[in-house]
1. Since residue 251 meets every condition but one in (1) at pLDDT below 95; (2) more than 30 Å from residue 153 (Cβ to Cβ), which condition does it not meet?
2. Report, by residue number, each residue of segment 10-27 that is farther than 16 Å from residue 64 by Cβ and in contact with a helix residue (DSSP H, G or I) (Cβ under 7 Å, 6 or more places away or on another chain).
3. Name every residue in segment 161-181 that is farther than 24 Å from residue 411 by Cβ and under 20 Å from the mean Cα position of the chain (by Cα), in order of residue number.
4. If we only count strands (runs of 3 or more DSSP E) wholly inside segment 174-255, which ones have 3 or more residues that are without any contact (Cβ under 8 Å) to a residue 60 or more places away in the chain, in the same structural domain as residue 164 (by TED's automatic domain parsing) and within 30 Å of residue 404 (Cβ to Cβ)?
5. Would segment 3-13 turn up any residue that is free of Cβ contacts under 8 Å to residues at least 40 places away in the same chain and either more than 23 Å from the chain's Cα centre (by Cα) or surrounded by fewer than 20 Cβ atoms within 10 Å (Cβ to Cβ) (or both)?
6. Can you work out which of the residues in segment 118-142 that are in contact with a strand residue (DSSP E or B) (Cβ under 9 Å, 6 or more places away or on another chain) and in a helix (DSSP H, G or I) is farthest from residue 178 (Cα to Cα)?
7. So which residues in segment 116-129 are touching a residue at least 24 places away in the same chain (Cβ under 8 Å) and on the phi < 0 side of the Ramachandran plot?
């Protein structure tokens, strides 16, 4: 049996490993455009800031590792086509352009995503390449190019304020660069609501980040410096900003060219549609990672995959099943997510309030701010917890947490609650640990859930569980 994997990111490398673990007799071949092996894309901003010593430290599985475990890694290989009927792929070597065909019994597509560059006059050259001084961050080579430019820069602008954009803003500040962030609404819009984002923005400003609020980019011009023209969303007035480096962080687009040409169904978000076993609509082809989409656990709405943790889980499922094993994903994506920015940890699970509204759900919201330790005990830090619950049955739909420490572990607790469809009342029955030097008697999680429960009881319609 031969299993081919296209892509050596988190999903592809994991898929290859679990295919090997599941079927020791199979030929497992991993095809990668890059030459590094598998490395942490999530760690790239931290290598740029200096928190991680160097780029090589991010390489988790170098080429030699795959050879040692019986996986044939072919770096510098560009897959140009898939024949799903003949079960083969066409590929070309980046070194000499030589073409080759390879047959497969199972194929796993883990082609990831490409950086999105919104239509912006002046951003791209005629050949579609970004102009000098303008970058996106997706690969190791992107990061190395940014590092060379950062060393000569004194001012910079981040276009976009998602996870990568804000992590890059922090990295630029750490490098002593005067940093501007173009802000359409609030930071981390796909991750948290505006009220939870506010402390992050305040912390960033205290470290020297300049937010240019409620603006969009109307053009970029390159002379001695790069001039970015921003247009106000409120009155259409324009402002011009000269900087040495521009990072466009507008999210990613699933790389589905090969899969779509092979007949794999693609969803509304442009990702390959997969089922619980990571099967595509084409027999013998599986997919995993940022090139896919999968239903949201809470709303059922198909959503793009963009988290490394999800990519690894999908890679495990795809690799196991491609090797004739048996493993399944959960019924949907919880999208448990976290980061640390400017001294604050932020974490969330489930849809944001806006995403719930788009799905036709107006959530009940409970919110509490307190300390990670009893008020009398030294060393406690402030933390804010927000719970979103369904108005009809009180089921916990999501949560968002921000504080100096402990946000991600609390989000993990709420992930378990969402997965098991716990109500706020059931959550309140859960005993939590207490000891003065470790935790308060009632954690902010409990207080926020109680606030949601009170609102739920108050607003319940006759005949619903809360009214009984």
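The values are calculated or read from the model by the stated rules, or taken from the named source; none is laboratory data. Predicted, not measured: the structure shown is a model, and the values here were computed from it. Cβ sites come from the backbone with ideal geometry, for glycine too, and all protein chains shown count toward neighbours.
1. Every condition holds for residue 251 apart from (2).
2. 10, 11, 12, 14, 15, 18, 19, 22, 26
3. 181
4. Details: elements: 178-183, 210-213, 215-222, 226-232, 238-243, 245-248, 252-254.
Counting at least 3 such residues, we get 178-183, 210-213.
5. no
6. The qualifying residue farthest from residue 178 (Cα to Cα) is 140.
7. Pass one, segment 116-129, residues touching a residue at least 24 places away in the same chain (Cβ under 8 Å): 116-118, 120-123.
Matches in segment 116-129: 116, 117, 118, 120, 121, 123.
Quick grid of which residues meet (1) farther than 27 Å from residue 206 by Cβ; (2) in contact with a strand residue (DSSP E or B) (Cβ under 6 Å, 6 or more places away or on another chain); (3) assigned by TED's automatic domain parsing to the domain that holds residue 406; (4) buried (at least 21 other Cβ atoms within 10 Å of the Cβ):
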site: 306; (1), (2), (3), (4): yes, no, no, yes
site: 312; (1), (2), (3), (4): yes, no, no, no
site: 328; (1), (2), (3), (4): yes, no, no, no
site: 347; (1), (2), (3), (4): no, yes, yes, yes
site: 363; (1), (2), (3), (4): yes, yes, yes, yes
